[in-house]
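The values are calculated or read from the model by the stated rules, or taken from the named source; none is laboratory data. Just so we're clear, the structure is a prediction, and the values are computed from it rather than from any experiment. Note that each Cβ is placed from the backbone with ideal geometry, even for glycine, and that neighbours are counted across all protein chains shown.
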Amino acid sequence: MKTASSLSPLVSHISLMKFLFGALVGGFLLFQSQASPKKVAGKIAGALRAKYPDAKVEVDVKGKRGTNVLNGRFDEVAVRMADFSAGAAGFSLVAVPDARKKGFLGKTSIRLQNFGAGGVRVAALNLEWNDVVYDRAALTKDSRLAIVSAGAARGELVLAADALLPFIAAKMPEVENARLRFSGGLMTLSGTRAAPLVGTPIGFSLVAKPVARGRELWLEDVQIAFGGAQVPEAFSKSLVGNLNPIFVFDKDNKFPFRITKSAVALHDDNANGTLQLSSELEFVPALQSPQVR
């Protein structure tokens, strides 16, 4: 039988192992306690500010601390940005075929205000969707939301009349001193144009109702007037030709969502009014052909 003195090294060894194991567990728990949604929000905000130095940025992340954060699982992520330019490439929102380290977002909302993308000044772009599976490395390292899959989504695009004017003016180069206004549910383009037959520049106006057809904006019920006198409908078509569509959202198929249902509303909320395009959205997987959008 072993004596107490012969057992003491074994007891000491067991005690040491317990201490080391306790220290490791304690350290892991301490690390988990430091892994908080708030710190993730700060990291994302910092990356966005580095990429868009002039932008006003706010990021809010909600969820459980610890393991969920380490695995990129969050209940909610909200991003707010304003006053910046995304350049020709647009905002960092892309579809990817897969990710080695996947994260999950229960609810995601992105609110962008007063920003430039692809040569267009956008008053607001609001996106909301649920059940997003994403590449968490891309989100935490460079603020790029690379989506593997996503549930039902909604979007809202707001454009000021001045932002749409170049697209409409390009369809009607004969109109000089063109101005555009949204009011009373109608769009009015005004300016001067050479009168038919005579050729003398006189006052010109085009009034129409903007409607959404998927990702395209069309004009319906077009009425034209010269010098305040309305032109017959048959003659109007020969004057303006094929105006539609006057605007196509995501013409180059870079946006990873397809517009499934859309509606247009006009608002008198600034000097010339704004157009609001609201849509239901469906995620387009990265491997799917862009032609189906």
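For this structure, a couple of remarks:
- Residues that are exposed (fewer than 15 other Cβ atoms within 10 Å of the Cβ) and hydrophobic (A, V, I, L, M, F, W, C), drawn from region 234-256: 234, 235, 248
- Condition met for residue 165 (aliphatic (A, V, I, L, M) and either over 25 Å from residue 111 (Cα atoms) or within 20 Å of the chain's Cα centre (by Cα) (or both)): no
- Pairs, first on the phi > 0 side of the Ramachandran plot and at pLDDT below 95 in region 200-221, second assigned to a strand (DSSP E or B) and surrounded by fewer than 18 Cβ atoms within 10 Å (Cβ to Cβ), C-beta under 7 Å, six or more apart: 221/209
- When residue 231 is tested against the conditions (1) surrounded by 18 or more Cβ atoms within 10 Å (Cβ to Cβ); (2) touching a residue at least 12 places away in the same chain (Cβ under 8 Å); (3) more than 30 Å from residue 95 (Cα to Cα), the lone failure is (2).
- Unique residue being hydrophobic (A, V, I, L, M, F, W, C) and either at pLDDT 95 or above or under 22 Å from residue 162 (Cβ atoms) (or both) when the list is 229, 195, 178: 178
- Some residue of region 102-118 being touching a residue at least 60 places away in the same chain (Cβ under 8 Å) and more than 14 Å from the chain's Cα centre (by Cα): no
- Residue 287 vs. criteria surrounded by fewer than 14 Cβ atoms within 10 Å (Cβ to Cβ), farther than 18 Å from residue 126 by Cα and outside the structural domain of residue 167 (by TED's automatic domain parsing): yes
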